[in-house]
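Engineer: One structure, as structure tokens, below. Some questions next.
Derivation of every value follows stated rules applied to the coordinates shown; laboratory data play no part. If you're wondering where the values come from, they're calculated on a predicted model, not measured in any experiment. Quick reminder, even Gly has a Cβ in these numbers, built from the backbone with ideal geometry, and neighbours come from all protein chains shown.
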Amino acid sequence: AERLKAGLSRTRQQLGGGLASLFGRRRIDEDLLEELETTLLMADCGVDATQHLLDELRRRWKRDKLETADQLQQALSESLLEIVAPLEAPLQVEGHRPFIIMLAGVNGAGKTTSIGKLAKYFQSRGKSVLLAAGDTFRAAAREQLMAWGERNDVTVIAQEGGDAAAVIFDAINAARARGIDVVLADTAGRLPTQLHLMEEIAKVRRVIAKAEPSGPHEVLLVLDANIGQNALAQVKAFDGAIGVTGLVLTKLDGTAKGGVVAAIARQCPKPLRFIGVGEGIDDLQPFHAREFVDALFA
Ligand code: GDP
């Protein structure tokens with residue numbers, strides 16, 4: 001919880017700091033609500049969630065006769081919690097062995113780093129892990145993954161050159177032969193506008209289903225929180241191509257755009273499996289709605 005609080009400090013300054021200055025100085029009135037609207041938009045809550053929050057606050061202002069800024073802030077954090085709570089759905093890897101997790105996203109979103117963190121996360125819960133170096137476009141990504149695997153004694157299936165589908169196909173068979181619990185499959189970064197690459201990742205997904213008819217069991221889209229509202233378009237595009245079942249939102253520590261979680265919840269809800277709040281190995285945490293909202297207003 002402390003790491004989360006530290007990680008969310010920029011968003012908190014944007015949101016909480018904005019609110020503190022709003023709430024600190026006066027009673028609730030229409031002007032204050034309008035400034036609050038601007039503050040929420042600047043924290044990247046998006047038009048839809050912001051509108052919803054303001055409607056809710058106006059309703060409660062009248063109905064519950066809110067008077068003090070404190071009461072308004074309380075009402076705001078309750079409404080925000082209501083919006084983001086449905087995204088809380090921690091990833092369970094029981095039920096399939098190997099449990100196949102495919103990761104996708106644009107370049108630099110944090111896929112490769114997140115794979116290392118996730119491997120640690122599952123290992124610390126007693127699961128054996130195998131990595132598939134499916135980013136065959138960037139030699140550096142493969143090397144990064146192999147180096148990480150070596151340091152942490154985790155098997156990495158990789159091929160020089162080769163194609164992603166083949167690497168991941170091999171990895172699944174290797175995992176099955178060795179009785180591994182979790183396969184984490186990396187893929188090359190790509191933009192939703194690169195249609196041939198979106199077609200290629202759809203093919204990777206189909207090949208996984210050939211290697212394991214029940215899989216992939218999780219399709220994680222990794223999003224950099226700094227992209228703010230663009231996250232919505234990425235979710236929709238990747239979902240259309242590969243059927244996204246969960247999100248990883250990285251770099252919340254470096255951004256004031258943490259409100260994007262509310263925008264996602266309202267406009268393209270998908271389970272938010274993990275949030276990244278720093279570069280350390282333990283800085284990828286399962287998303288807990290109440291902790292998240294509390295950290296924003298702490
Ligand atoms: P990929 O291209 O999607 O595989 O992205 P990488 O995994 O190579 O990550 C790109 C950069 O983002 C690296 O410098 C990571 O250390 C950094 N990064 C990833 N996740 C986080 C996070 O949650 N917080 C911070 N501060 N940096 C992160």
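Engineer: Just want the answer: with Cβ charges of +1 for Lys and Arg and -1 for Asp and Glu, which residue in 96, 75, 9 is farthest toward the dipole's positive end in the chain?
Structural biologist: It is 96, whose Cα lies furthest towards the positive end.
Engineer: Could you work out the relative contact order of the chain? I mean the mean sequence separation of Cα pairs under 8 Å and 6+ apart, divided by the number of residues, in percent.
Structural biologist: Values: 557 pairs, mean separation 85.3, N = 298.
Here the relative contact order equals 29 percent.
Engineer: Plugging the Kirkwood radius over Cα pairs into Stokes-Einstein for region 28-142, at a temperature of 25 °C and a viscosity of 0.890 mPa s, what D comes out in µm²/s?
Structural biologist: On the way: Rh = 18.2 Å.
Translational D for this selection: 135 µm²/s.
Engineer: Can you give the convex hull volume per residue for the Cα atoms of region 137-208, as a whole number of Å³?
Structural biologist: On the way: hull volume 6.8 nm³, N = 72.
Output value, Cα hull per residue: 94 Å³.
Engineer: With bins 10 Å wide starting at 0, give me the P(r) of region 130-256 over every alpha carbon pair, in whole percents.
Structural biologist: 12, 40, 37, 10, 0
Engineer: Which of 169, 238 has the fewest other C-beta atoms within 10 Å, and how do the rest follow up to the most?
Structural biologist: Final ranking by Cβ density, sparse to dense: 169, 238.
Engineer: Taking R0 as 25 Å, what FRET efficiency do you get between residue 89 and residue 65 from their Cβ-Cβ distance, rounded to the nearest 0.05? Can you show the working numbers first?
Structural biologist: Details: r = 36 Å, r/R0 = 1.44.
That gives a FRET efficiency of 0.10.
Engineer: Can you find, among 161, 293, 214, the residue sitting farthest towards the positive end of the charge dipole of the chain, where Lys and Arg contribute +1 and Asp and Glu -1 at Cβ?
Structural biologist: 214
Engineer: Can you tell me the FRET efficiency between residue 230 and residue 138 if r is taken as the Cβ-Cβ distance and R0 is 22 Å, rounded to the nearest 0.05? The partial results should precede the final answer.
Structural biologist: Values: r = 22 Å, r/R0 = 1.00.
It comes out at approximately 0.50.
Engineer: Continuing with the same structure: For region 1-131, calculate the relative contact order in percent as a whole number, restricting contacts to Cα pairs under 8 Å that are 6 or more residues apart. Write down the numbers at each step before the final one.
Structural biologist: Values: 57 pairs, mean separation 22.7, N = 131.
About 17 percent, as a whole number.
Engineer: Moving to a separate point now. Which whole-number percent gives the relative contact order of region 100-248, counting Cα pairs below 8 Å spaced six or more residues apart?
Structural biologist: Details: 258 pairs, mean separation 49.2, N = 149.
Relative contact order of region 100-248: 33 percent.
Engineer: Going down the table (5/251; 120/236; 5/62; 111/236; 117/251), which pairs top 22 Å between alpha carbons?
Structural biologist: Details: 5/251 13 Å; 120/236 29 Å; 5/62 32 Å; 111/236 18 Å; 117/251 13 Å.
In this structure, 120/236; 5/62 lie more than 22 Å apart at Cα.
Engineer: Given the rule -39500 (n - 2.57) for each run of at least 4 DSSP H residues, summed and divided by the residues of the chain, what is its mean residue ellipticity at 222 nm, to the nearest 500 deg cm²/dmol?
Structural biologist: Details: 13 runs with 154 residues, N = 298.
Rounded to the nearest 500, it is -16000 deg cm²/dmol.
Engineer: Can you list the GluC sites (Glu not before Pro) in region 58-94 that are in a DSSP coil and have 14 or fewer other beta carbons within 10 angstrom?
Structural biologist: Details: sites: 67, 78, 82, 88, 94; in loops: 67, 88, 94.
Passing both the DSSP loop test and the Cβ count: 67, 94.
Engineer: Placing unit charges on C-beta atoms (Lys and Arg positive, Asp and Glu negative, everything else neutral), compute the dipole magnitude of the chain about its Cα centre in debye, rounded to 20.
Structural biologist: On the way: 36 positive and 39 negative charges, 80 e Å.
Approximately 380 debye in magnitude.
Engineer: Picking from 49, 237, 185, which is most flexible by a Gaussian network model of the chain using Cα springs under 10 Å?
Structural biologist: Of the options given, 237 has the highest mean-square fluctuation.
Engineer: Would you list 270, 117, 203, 111 from fewest to most Cβ contacts within 10 Å?
Structural biologist: On the way: 270 19, 117 22, 203 15, 111 26.
Going from least to most buried by this count: 203, 270, 117, 111.
Engineer: Given the C-alpha centroids of region 53-103 and region 221-254, what is the distance between them in whole angstrom?
Structural biologist: So the two Cα centres are separated by 19 Å.
Engineer: Rounded to the nearest 10 degrees, what's the angle between the helix 139-152 long axis and the longest principal axis of the chain, both from Cα atoms, 0 to 90?
Structural biologist: Approximately 90 degrees, to the nearest 10.
Engineer: Find which of 245, 191, 109 sits farthest along the positive direction of the dipole of the chain, computed with +1 on the beta-carbon of Lys and Arg, -1 on that of Asp and Glu, about the Cα centre.
Structural biologist: Looking along the dipole axis, the top candidate is 245.
Engineer: In what sequence do 268, 45 fall when counting other Cβ within 10 Å, fewest first?
Structural biologist: 268, 45
Engineer: Starting from the exponent 0.38 and prefactor 2.2 Å, build the expected Rg for the chain from its residue count and divide its actual Cα Rg by it.
Structural biologist: Working: Rg = 20.7 Å, N = 298, 2.2 N^0.38 = 19.2 Å.
Taking N as the residue count of the chain, the ratio is 1.08.
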